[in-house]
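A short worksheet on the structure shown next.
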Amino acid sequence: MPNPLGIRLATAADAVAVRGIYAPIVENTVISFENEVPTVAEMARRIETAHAFFAAERDGTVIGYAYASPHRERAAYRTSVDVSVYIDKDDRQAGVGTALYGSLLPHLKRQGYHAAFAGIALPNEGSVALHERVGFSSVGIYREVGFKFDKFHDVGWWQMILR
């Protein structure tokens, strides 16, 4: 019988594992629009400065993470957050993303945030399905907003009102 999934707040000590999950996404996909894989130190900084950062762990190994960051810089946006979830390639479609959001979203609500937004590079059926399954609704598409791998890419936006 497999060990159950654990969800916990991430710490800077998770930066190596988080980077290991994120690196192939940056290097090989348009799921992330970053062009260079962040350093371990940068990943630790992101974990420490996020509004919230959760890790999914199985058998002592981090297999996914989800976090919230500011939606925009202007003061009027202070009650809105952007959320992201990343899962190790071998653990996708196994409920890890749903479990992570099951911890992250209520945590954000308790912190007093009003709305959460998720930007998804399109096409990405798995991410769209995850976000809609946990209660996000599509609010629009930014056409050709990202340029990576010598091509323009659309980003769809999904929103959830938290309270």
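What net charge do the residues around residue 11 carry, taking every other residue with its C-beta under 13 Å from that of residue 11, with Lys and Arg at +1 and Asp and Glu at -1?
Result for the neighbourhood of residue 11: 0.
Quick check: Cα centre of the stretch 98-127 to Cα centre of the stretch 40-75, how many Å?
A separation of 12 Å, based on Cα centres.
Name the long-range amide H neighbours of residue 148: under 5 Å, sequence gap of 5 or more, or other chain; modelled H, no Pro or chain starts.
153
If contacts are Cα pairs under 8 angstrom and at least 6 residues apart, what is the relative contact order of the stretch 1-73 in percent?
Relative contact order, the stretch 1-73: 38 percent.
Given H placed 1.01 Å from N in the peptide plane, which residues other than close sequence neighbours of residue 64 have an amide H under 5 Å from its amide H?
Correct list: 56, 88.
Please report, ordered by residue number, every helix of the chain (full DSSP H runs) that is 15 Å or longer along its axis going by C-alpha atoms and whose mean Kyte-Doolittle hydropathy reaches -1.0.
15-28, 96-110
What number, rounded to the nearest 500 deg cm²/dmol, is the helix-based mean residue ellipticity at 222 nm of the chain, given -39500 (n - 2.57) per DSSP H run of at least four residues and division by all its residues?
Here the helix-only value at 222 nm equals -9000 deg cm²/dmol.
Readers should treat all values here as calculations from the given coordinates under stated rules, not as data from a laboratory. Given the structure is predicted, the values throughout are model-derived calculations rather than measurements. Because the Cβ atoms are built from the backbone with ideal geometry, glycine has one as well, and the counts that use them run over all protein chains shown.
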